[in-house]
Each structure stands twice: as C-alpha cells, then as structure tokens.
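Written below as structure tokens is the structure these notes are about.
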Amino acid sequence: MNILVTDSWLREYLETDATPQQLKDCLSLCGPSVERINKVNNDYIYEIEITSNRADCASVYGIAREAVAILPRFGIKAALKQLKGGRMESFRVKESNHLPMEVSDPEIICNRIMGVVMEVDFMKPSPAYIKDRIEKSGIRSLNNLVDITNYVMLELGHPSHVFDYDRIKTHKFLIRFAKKNEPIETLDNKKYLLNSEDVIIDDGTGRVIDLPGIMGTENSVVNKNTRRIFFFIESNNPVLIRKTSMRYGIRTMAATINEKHPDSELVKTALLRGIELYQELAGGKVAGELIDIYPRKSKPTTIKTTIEFINDRLGIVLKKSEIVSILESLSFHISEQNTSLEITPPTFRQFDVTIPEDIAEEVARIYGYHNLPSKLMSGEIPVTNRPKILDIEEKIKQILKYWGHTEVYNYSFISGELIAKANLKTSAHLKVANPLTSDIEYMRISLIPSMLDTVARNQFYSDNLQLFELANVYLPKKNDLPDEVPILALSNQNNFYKIKGFVELLLKEVGIAGVKENIPSNQNDFAGTWSHFWHPKQTVSLVKSGKIIAYIGKIHPAISQNFQIKNALYLAVLNVEILVDLSNPAKSYIPIPLYPAVIEDLTIQYPPKTYIGPLISEIYKINKIVKKVEMVDHYHNSTTLRITYQDEKKNLKSEDVKNVRDKILQTLTSKYKITFKQ
Amino acid sequence: MEKELNELENMSLVELAKLKSDKDVNALYLKLFGQNGNFTKLLKKLKEIPQSERPIIGILANKIKKNLEEKISKQKKLVANNQLSDWLDVTAPGTPPKLGHLHIVSQTISEVTRIFERIGFTRRRYPEIEWEWYSFDSLNMPVNHPARDDFETFFIDLPPNLKMGKVVLSPHTSSGQVREMERAGKPPIRMINIAKCYRPNWDISHTPMFHQFEGLVIDKGINITHLKGTFEYFAKEFFGKDRKIRLRPFHFQFTEPSFEVDITCGFCKGRGCRLCKEGWMELCGSGMVHPNVLKAGKIDPMKYTGYAFGWGVERTYMMKQGLKIDDLRLLYSNDIRFLEQF
C-alpha cells in the first residue's frame, strides 16, 4: 500500500536538518521507499510504499521512527520527539458517573479491544490544520468527530472508529461472526449480505451495528444530533479482515492497515491520543470506564544469533559494536552472551522479526545495501546439461522467422465459445475455477483453435498468413498435474506443398531423417490433434519409430467456416517433445564422389489419385546407384522426376544406367500402372 | 583437307563475329576444339592423308588453330566490353526474401538466457500448472497468505491432493525453486527458469498470462554481495555499461532479506522522466533464499545459503527498448500489424 505523509506533520515528531529530498533518498535506500515528493503550497507530500510486513511504518510517527534510525547513517542528525496523547490515569472518572457500556467478545475474535464513552459538543468542521493534513493524506474531511479517528490513524497507524452512543440503545457491543446472508448497510449507504466468516458487532438484540476494522454502519454512525460518542479501537484478526474486505471490495485505509496486523500495544496509544483530540477539538469529556479487553498480549520472540552469522549473510565483516548500535537504533533489545546475541525486537516489529535472517536484514539495510561491494560468485560452476528442448525450440523459432513466419503468443486459456467453434468438448479441458471472464475459462489442449482465431482476425491484412506458435498444451491426467506437451503450429495459405516443404526441411535441420508418411484414416491416427480439424483427403501425418511427429493438412472446410476464414488454410502441427526424442543432430561424412553422376529426367503418367510419395520411395529401393529422385514438374496426372545415378566406385556406363532405368520402368508399370512419356 | 580446314576457319570466323555472349563464345570453342569438336575431328583425319602432305597440312592446321584461338579470345574481350554498356537501374528496390518476426518475449528470453549462461547458469523449465505446495507452501507462504486468495491466483477446478494441495496456474516462476533443489539433489545450484505465469489481473497494464525469469543460486558462502554482483553484471550486459543498480528493502515471503532492484533510467540518465520513477526503474524482486524454503528443498540452511530473483520478461524488454506500449494487452492480441514491428 502507498501512504501520503506531509512533511510538516512528520517534522512534528522528527527533529532533523534533512531536506525533503534527503529524506526521500535515505529512506528509500534503507527503509520504506519514498516513490515521489509533491510540493503543495509550502508543504511537501511524500508518497511512500509500505510493504505488507511493515504496518509499523504506515503512519507519520512510524516514518519518523524509521528516519531516526536511518538519517544518522548518512551523517544527518535526527531525533524523535515525544509522542502526544494524555496519560491513562488523567482520563479516569468517578465510577458513579459512568455511562454504561458493555463490550464482549465471547469467541475471542479480537486480540485487544479498547473503548471509552465521551460527551461531546455538537459536530462541526475540523480546524483548518486538521482538515489540511488529512486531506493531503488522501482522506476526505467530514466533521471533527469523524476526522479525529482518521487523524489518529494517519498519525499513529492504528484504525479507530466512533459510534453515536445514543444510537446503540442497548449500550452493548457483542463481537461475533455474521450469520449467512445477514444484511448490513455500511455508512456509505451500500448494502451487503454477509458470510459466516465475516466479523460484525451486534448490539445484543441481533442488530448489526459495525463491520469492525473495515467500515462503520449507517445505523450507528455519528450525525449532527450526536452528543455522546463511543470511541472504539480493536485489534483484529488480519486474515479475516483481508478476506471480508476483498470479498465485498471494501478497500478502506482502515482495512488495508488492519490486514497487515498492526501492534496491539498501539491500540492504547491511539486511544489516549484520540481522547486528547476529542477534548481539544470537540469539547470531549470522558464519561465512562476505559474499557481494555486484552486476551492476546503482544509478545516478541527473542532471537539467538551470532555476529558471524550476520556477517556471513552480509558478505563483509562488521564489528560487534556497530551491529549492536544499528539494532539499538531500531529499538531492539540486545543481551550479549559469550559468543552469541539474544535480540528482542520491539512489540511493533514482533510479527516481522522472528528468525536470525530477519536480524541480518535489519543490520544490512541500515548499514546500507549501497555500501556493500558487488562480487560474482567464485564457487564451482554446476555441471548440468542444458535441456535439449531449449536448443531445438530456439532453432525452430530462428528458422521459421528467416523463412518468413511471424511468431504469435496466444493465451494458454481458451473460451468455451472457441472450443465449440473448433468442435472440441469443454469436458476434455482443464477448467479454471476462478476465471476473470469466460474468455479464459479453459486451458488449451490444442493450439489449433487459437491459431484459427488468430488467422481469422488477421486475414484482412495479408493474403498468406505464415504464422507460428510454439507453446505447451495441457492434457488432463487423472489425480495428477496435466501433461504439458510443447507443440509447434504453423500456418500457410499458399498451398499444401509449401507448408509440407517447410516441415520437411525443418525436420532435416533438427536432425530427423527417415520419416514415414501416413495417410490418417481413422480417429486413432489423430492422437492429440483430432481428425475433425482436417480435410479428410488433404492431410498427412509424419511418423518415425512408431511416433507421430506431425500432421500437415488443409483445415476442414466446415471448421474454416466456423471461424469465417475466407481463403484455404493449411496448418502443420508438430509435437516438439517427440522431435527432441528423435533428433540426432550429429552429421556423418560421406567422401566426395570421384566419379561423375548421370542425371536424367523421366516423365510419368499415372491413373488419377495415385500417391507419388510411395512411388518415389520405390525408385530409391531399386538400386543403390539411385542417389536422388526429385520431382521437377507436376501437371494433372503427369510428373517429371529427375533421377541422379552415381556409383562411388566407377564411372557409370550407359548400359549400367539403362539396366537400372529398365528396372524402374518395369516396377512402376507393374505396381503403379504407369505409362511413360519419352 | 586443306580446303576443309580453310572452310572451317572461315565459317567459324563468320559465326564468331555474330556472337554476343561469353557463353556462346565458349560453346563455339567447344564445338571446334572439344573431344568431338569439328576441328578435333578434322585433325583426326590427318592419319588418312599421305605421309608427304602431312607436315604442310600440319603447319596449316596449327596456324588456323592459333588464329581461331586468338580471334575467340579477342571476341571474348569484345563481348565483355560490350556488356559494360548494359544499363541497369540499380536504384530500383531489391527483391528480398520473406522475413518473419519473432515475438518480443522470445527475443528477450534468448538474450537474457545468453547473458546468464555466461556466468554458469543453466536454463530450466518447470510446470506451468502446478501444485499449491510448490507455488506456495514450500515457499514459506502460509495457507492464509493473501497471494493464495482467489483474487491473486488462478485455481484449476480439480479436487485437491492431500499432500500437494490444489492445482494452480503457477503465479510466479518461483514455483520452480524447490523443484530445482529436488532435481539437483545438492548444491551448487545456478538456475534460470523462464516460463509462463498466470494471475487474475486483466487491464491496460496487466495480462492474465505473462512471463517471468527466476534465478536461483545456492552454494556455501553465498551472500548479498553476490546478488549485487550478479545484478550489476546483468544490468551492464543487457542494458549498457553506463547503467547503475540499487537495492531497496522490500518484503517477500520466500526471501530474507528481500530487496527490490532498481536500475537507472536509460532515457533521462537518472534525471527523471515519464518512463521512470525519478530516475530509477524497478527491475525485479529478489533476496536471500529464506531458510524455510531451503528446508522445503531438503537443503541444510546452516550449511548453504542462496539468493533468488524474479522479474517480468515483457517489462524488461520495454525497459531496454524504451518502449511505452500504452496497452500491454497488445502483446497477446496477436495483431500482425503489431507483431511485424519487432
């Protein structure tokens, strides 16, 4: 949380020559970060970030106390001035004059509860300086009765509340958990139905008169008729405060402080300061007993540690005297044993400082992190192999980029709507229990739906979207975390052979050879990418060692239509985990051939729907002098193949080539019903 | 024979004079003097003529060959010179290959990884959908810690595991800390974990999915000066030599002490501008590994110490480039008009 502290108010407790800029710089380096200084009229306002462990700094006095420990380290004098507020004894009134008030907390929900009934003058605006200070701190000034509670909170760091004593006719305060759906109207006239984990105050009749520690209620708040008040401060359970405050979105400053667990010792300090202010500014007279119910006393832990331990954490050697003086400047109590120190933090640091490492932190920050040297580790470098997948992923990304593909990053989430458009089932997905919107309700099991969506949204900016994404999909498993499988998806709108060519060369580049092509024919052939995404006659899968590496194909026209994609779209989906398993980047060396190759073109004609892939594989098998078979031209049912013949051991004679060629022709004619063009 | 030779010479010279390209001239040369060339073939006939005429014809053949070779060579030069007058508009644009674009997240990950690998870190990857145990409990974050609220962490709709708790979308790469300790078995550890993270925030400056780096070093004698040294090295390598860093006290459950690391703003050089907070930019959160975290990873905190840091990939990129992307959601909306700018 950020708080606003005015310089003039701060200096009421902090005696120093430090300029606002110096205060900002020094505090930021060693304590709470001062993010900004704003000059307003003749004053400065510090905007200070308070971390959740430092509720003790969330006030004018808290900052002054930190500054007194920090500024002298920079050679700037600083001293803390006496805290204001009367003494308990001076407020006691004769028991016979007590106005009755009974507070009970049977379940011991609060750590401490204090309160006092006071008679006051009619409500009026606060004096200018009060108004000015609380408004500069970001709180609206209302009237003197309410402003005092806020002034005390800003000055000392503990929230407080004021009730109209006469509006609580029973003069009873019962602190209890709310009933389910119990209604409440807060003082800003908003209505809520409560939950059984919320804490409320009941006037003994079942009527809810406060949401303690968070916000008051309409039915008990002071108004222009108020003549008697009940000034009330309670130390709450921080977890319950946080939950209730977040549940209803009531993020008052009181709630944000109370959820950080301010010290319950501070309750009394704040009460006395408040009484003093009611006397000064509202004609207040104490009219009842000072109630103090204190079931859970503040009790800081005593920590045992050594000078050596602290210095080991800092990486430098500080003298014992210096360490002790730093800790004492923070109000820590130190008792020196032989070689160790027993250190007790003040009550206001009891939740934050509990182990020796916390002591090291206090010493290090006040000594100044900026005063520590910077070194690189000198120890041994662990020998661990970089996961192979990282190299392959990076290679794939680079290759695809230089081949003209643009990388996209889609959310790992997917909407039910997109799942439906892709004809998948929501039940096959992991569901987010608390999605912000329905757009991010499920975890992807395929990259295809988001890829289609991305294509659809960009199709008007390019005729050929060559996109790719490499990301994990999350495949649910019973009673376990899902399988996270890295998948590569790429798109192309040119034609099937373009995208197939990219995939073939990509496999070659990552060191995968000997891949078989398979025409998927049933659902099982589509493990993981679902047959219905694909055009049934224009999809191929690449397989090696019984593992499906990739699918390449045209998107099913019906799916394309669901996404309103206007042009034909080809996708390839690769399982990167399998690529990594199969990849063998080692290159082998074959001597450069001594004898020239014979290259000739062969044009073949074949019946419609003949697969040329197996035919080419067949040619390779015929003789080992067939070194390369390339497709150089293709038209309807006719293809020109360029065949390279070469023998490592001798010059090929024309009859050597002829023999092999005849065998090719013979095989192709008998097996594939091929005719030849000469 | 003599006549044939003279005819060949004349015809060849006529043909040669017409040739305009180096390629054609070379072809003519082969046609004459190649293995099956006309001149070569003619010369083979020398055997057939009477012995007495051979010297004369031989001399003639040599003379003709020499002459043809000279003329061919001259023609080649002429052809080459003629090309000099071929005009080309060298100012017209080239035809480039199609170039794609890597997402800025990928670009940053590569660069940061390279820098840390040079000082002995190894990149690792841990689950993005994770148990509460690794995301919170093992990181010293008690059950009631605010970060474990529905408002701060995404939960998966699955029954909890007795030991491991609920299934969450990992809200930070710190979930990999104890996993790395378990993997390594014992220190030394120098890890950098880069992964997707998820938190329920979605507005102009937050996306529900983002990327983080996590660094983790554990060894004997690791202290704050090493953490400072590492950041100084990284800041100078990644952002530039003139940049400075500072540590500010902060609070995280899984480190003690904890810091926020700031770096001087590269645009205003520390004077203060719209991109920074009065000259400084927040780089990341970090600290010395909390003893409870070491214990959760079965490492003895009395023998070993360590430091950890984590920060956002997207932010780091923008800080380096000085980009002020007014709406962070653009990063994951995949509009190619945005993506093609990087």
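The values are calculated or read from the model by the stated rules, or taken from the named source; none is laboratory data. Please read all numbers here as calculations on a predicted model, not as lab measurements. Reconstructed Cβ throughout: ideal geometry from the backbone, glycine too, with neighbour counts over all protein chains shown.
Is it fair to say A:Ser90 is in a helix (DSSP H, G or I) and farther than 16 Å from A:Ala254 by Cβ? So A:Ser90 fits the description; yes.
Look at A:Leu23 and say whether it is of a type outside the set (Gly, Ala, Ser), assigned to a helix (DSSP H, G or I) and more than 12 Å from chain B (Cβ to nearest Cβ). Answer is yes for this residue.
Taken over region A:295-352, the criterion of being without any contact (Cβ under 8 Å) to a residue 60 or more places away in the chain and touching a His at 6+ places or on another chain (Cβ under 6 Å) is satisfied by A:Thr344 alone.
Does at least one position in region A:562-571 carry a residue that is within 16 Å of A:Leu400 (Cα to Cα) and touching a residue at least 24 places away in the same chain (Cβ under 8 Å)? Checked against the condition, which is being within 16 Å of A:Leu400 (Cα to Cα) and touching a residue at least 24 places away in the same chain (Cβ under 8 Å), region A:562-571 yields at least one hit.
Return the residue satisfying two criteria in turn: it lies in region A:365-380 and is in a helix (DSSP H, G or I) and crowded, with 21+ Cβ neighbours inside 10 Å, and of such residues it is farthest from the other protein chains (Cβ to nearest Cβ). Spell out how you get there, then give the answer.
Going through region A:365-380, the residues in a helix (DSSP H, G or I) turn out to be A:365-367, A:369-371.
Then drop every residue that is not crowded, with 21+ Cβ neighbours inside 10 Å, which leaves A:365-366, A:369.
Numbers: A:Arg365: 4, A:Ile366: 9, A:Tyr369: 4 Å.
Of everything passing the filter in region A:365-380, A:Ile366 is farthest from the other protein chains (Cβ to nearest Cβ).
For region B:221-236, a residue qualifies if it is in contact (Cβ under 8 Å) with a residue 12 or more places away in the chain, part of a helix (DSSP H, G or I) and within 7 Å of chain A (Cβ to nearest Cβ), and the qualifying residues are B:Ile224, B:His226, B:Lys228, B:Thr230, B:Glu232, B:Tyr233.
Can you tell me which residue in region B:122-143 is nearest to B:Arg183 (Cα to Cα), limited to those that are hydrophobic (A, V, I, L, M, F, W, C) and surrounded by fewer than 22 Cβ atoms within 10 Å (Cβ to Cβ)? First the steps, then the outcome.
Step one: of region B:122-143, the residues hydrophobic (A, V, I, L, M, F, W, C) are B:129, B:131, B:133, B:136, B:139, B:141, B:143.
Filter again for surrounded by fewer than 22 Cβ atoms within 10 Å (Cβ to Cβ), leaving B:133, B:141, B:143.
On the way: B:Trp133: 16, B:Met141: 22, B:Val143: 25 Å.
Applying the filter and picking the extreme gives B:Trp133.
For region A:315-329, what are the residues that are within 14 Å of another protein chain (Cβ to nearest Cβ) and crowded, with 20+ Cβ neighbours inside 10 Å? Hits for region A:315-329 are A:Gly315, A:Ile326. Checked against the criterion of being surrounded by 10 or more Cβ atoms within 10 Å (Cβ to Cβ), at pLDDT below 85 and either more than 21 Å from B:Glu7 (Cβ to Cβ) or of a type in the set (Val, Ile, Thr) (or both), the candidates B:Asn26, B:Asn82 yield just one match: B:Asn82.
Filtering region B:140-157 to residues that are more than 7 Å from chain A (Cβ to nearest Cβ) and under 29 Å from A:Ile445 (Cα atoms) leaves B:Ala147, B:Arg148, B:Glu152, B:Thr153.
In region A:381-407, how many are within 28 Å of B:Lys186 (Cβ to Cβ) and at the interface with chain B (Cβ under 7 Å from one of its Cβ atoms)? Don't jump to the end; show me each part of the working.
So in region A:381-407, the residues within 28 Å of B:Lys186 (Cβ to Cβ) come out as A:381-391.
When the remaining residues are screened for being at the interface with chain B (Cβ under 7 Å from one of its Cβ atoms), the result is A:381-382, A:384, A:386-387, A:390.
Qualifying residue count, region A:381-407: 6.
Let's see how each residue does on (1) surrounded by fewer than 24 Cβ atoms within 10 Å (Cβ to Cβ); (2) in a helix (DSSP H, G or I); (3) of a type in the set (Gly, Ala, Ser):
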residue	(1), (2), (3)
A:Thr205	yes, no, no
A:Gly216	no, no, yes
A:Leu240	yes, yes, no
A:Ser245	yes, yes, yes
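Counting just the residues of region A:281-324 that are among the hydroxyl-bearing types (Ser, Thr, Tyr) and in contact with an Asp or Glu (Cβ under 6 Å, 6 or more places away or on another chain), which one comes out farthest from A:Lys375 (Cα to Cα)? Per the stated criteria, the residue is A:Ser298. Those helices (runs of 4 or more DSSP H) of region A:416-516 in which at least 3 residues are in contact with a strand residue (DSSP E or B) (Cβ under 9 Å, 6 or more places away or on another chain) and not aliphatic (A, V, I, L, M), considering only elements entirely within it, cover A:448-458, A:496-509.
With respect to A:Gln337, is the statement that it is under 30 Å from B:His101 (Cα atoms), surrounded by fewer than 21 Cβ atoms within 10 Å (Cβ to Cβ) and either more than 7 Å from chain B (Cβ to nearest Cβ) or in contact with a helix residue (DSSP H, G or I) (Cβ under 8 Å, 6 or more places away or on another chain) (or both) true? So A:Gln337 fails the test.
Being of a type outside the set (Ser, Thr, Tyr), more than 10 Å from chain A (Cβ to nearest Cβ) and closer than 17 Å to A:Phe413 by Cβ is the requirement here; does B:Pro171 meet it? Outline the logic, then answer.
Working: of a type outside the set (Ser, Thr, Tyr): yes; more than 10 Å from chain A (Cβ to nearest Cβ): yes; closer than 17 Å to A:Phe413 by Cβ: yes.
The answer is yes for B:Pro171.
Kindly indicate whether A:Glu362 is surrounded by 13 or more Cβ atoms within 10 Å (Cβ to Cβ), modelled with pLDDT of 95 or more and under 29 Å from the mean Cα position of the chain (by Cα).
Working: surrounded by 13 or more Cβ atoms within 10 Å (Cβ to Cβ): yes; modelled with pLDDT of 95 or more: yes; under 29 Å from the mean Cα position of the chain (by Cα): yes.
So A:Glu362 fits the description; yes.
Restricting attention to region A:391-415, the residues that are in a helix (DSSP H, G or I) and surrounded by 20 or more Cβ atoms within 10 Å (Cβ to Cβ) add up to 5. The sole residue among A:Ile175, A:Ile233 that is surrounded by 24 or more Cβ atoms within 10 Å (Cβ to Cβ), assigned to a strand (DSSP E or B) and in the same structural domain as A:Val103 (by TED's automatic domain parsing) is A:Ile233.
I'd like to verify a number: residues in region B:298-310 that are surrounded by fewer than 22 Cβ atoms within 10 Å (Cβ to Cβ) and not acidic (Asp, Glu), how many? Full working, then the answer.
Start the filter on region B:298-310 by keeping residues that are surrounded by fewer than 22 Cβ atoms within 10 Å (Cβ to Cβ), which leaves B:298, B:300-304.
Cutting the leftovers down to not acidic (Asp, Glu) gives us B:298, B:301-304.
Looking only at that region, the number is 5.
If the condition is being within 14 Å of chain A (Cβ to nearest Cβ) and assigned to a loop (DSSP other than H, G, I, E, B), then region B:301-324 contributes B:Pro301, B:Met302, B:Lys303, B:Tyr304. Going through (1) of a type outside the set (Gly, Ala, Ser); (2) crowded, with 21+ Cβ neighbours inside 10 Å; (3) over 30 Å from B:Met181 (Cα atoms) one by one, A:Thr437 falls short only on (2).
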